[in-house]
Amino acid sequence: MPRIPKEHLDSIATIFAKKNHKLTPVGTAFLVSYLDQAKYLITCDHCRTTDVTEIIFATGESISFDHAAWTADPNGNDVIARDVTDHLPPKISDCNIPALSDRVRNVPDFMQTSAVGDEIYMLGLHTPEAREDAITPRARFGNISAWANEKETVEQGNQKKQPSHIGDMRSRPGFSGSPVFTFRQTDDFNESTTPTLLGIHSGQFQENIIVRTNSGLQPAWAPSSMTIIVPAWSLEFIDNDPAFKSARSGRPTSLFD
């Protein structure tokens, strides 16, 4: 697998909520740029809580805003977005943030140049590790196991059944909202060095197991190695949302030149 670009690491953030007067990590978010007109923070809808107070990027900068500032996908996918173009700290705003536009507009091309078995990776942070002063992203690796299929919906992290990619990749609590990237293949099947967004990590399939306790054997469940991924093309709502469109139209196209 080619090397992960530094800008992808820099675009990762950990979401903290204040619980019992203490900041507690609740998930991962990441930045994307769109049509050179705006920058959006993306995470899973099930990571949104009424007490989110701070979002800390891997570079150490942070932003905060009310939980109601997120916009959810109207189609019910486990993904939300926030226009942060005018709210990013300079160090983050100047980063070469991964672009989203080709994922929204070229779905058929994307599916023709990627296939089941291709390598994928996601970037996020395991919540037991995350602290305000420890927000370096972790990478986890795997392969595409199945493409999203309209006829075979999967229960995402928000408990709604939607077409979803399946990845053969282990996760841990806190990776919800992490971006999942793949490397598009060229016509002669040589590896591309440019990763593209496959989707957003939403949850894991559960495996039923039996555990031994002081009371005897008890049924339980554990996360499997099969991860549920909200397809990147579900972010098309960013293109169509009236508030997002209005904000973009009021900005010069050279804003990020």
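Only the coordinates and a few stated rules stand behind these numbers; no lab work does. Only a predicted model underlies this, so the values are computations on that prediction, with no experimental measurement involved.
At a Cα cut-off below 29 Å, give the lysines reachable from residue 6, other chains included and same-chain residues fewer than 8 away excluded. The reachable lysines, counting only those whose Cα sits under 29 Å from residue 6, are 39, 91. Bridging of residue 160 to lysines at a Cα separation below 25 Å is possible for 151, once same-chain residues fewer than 8 apart are set aside.
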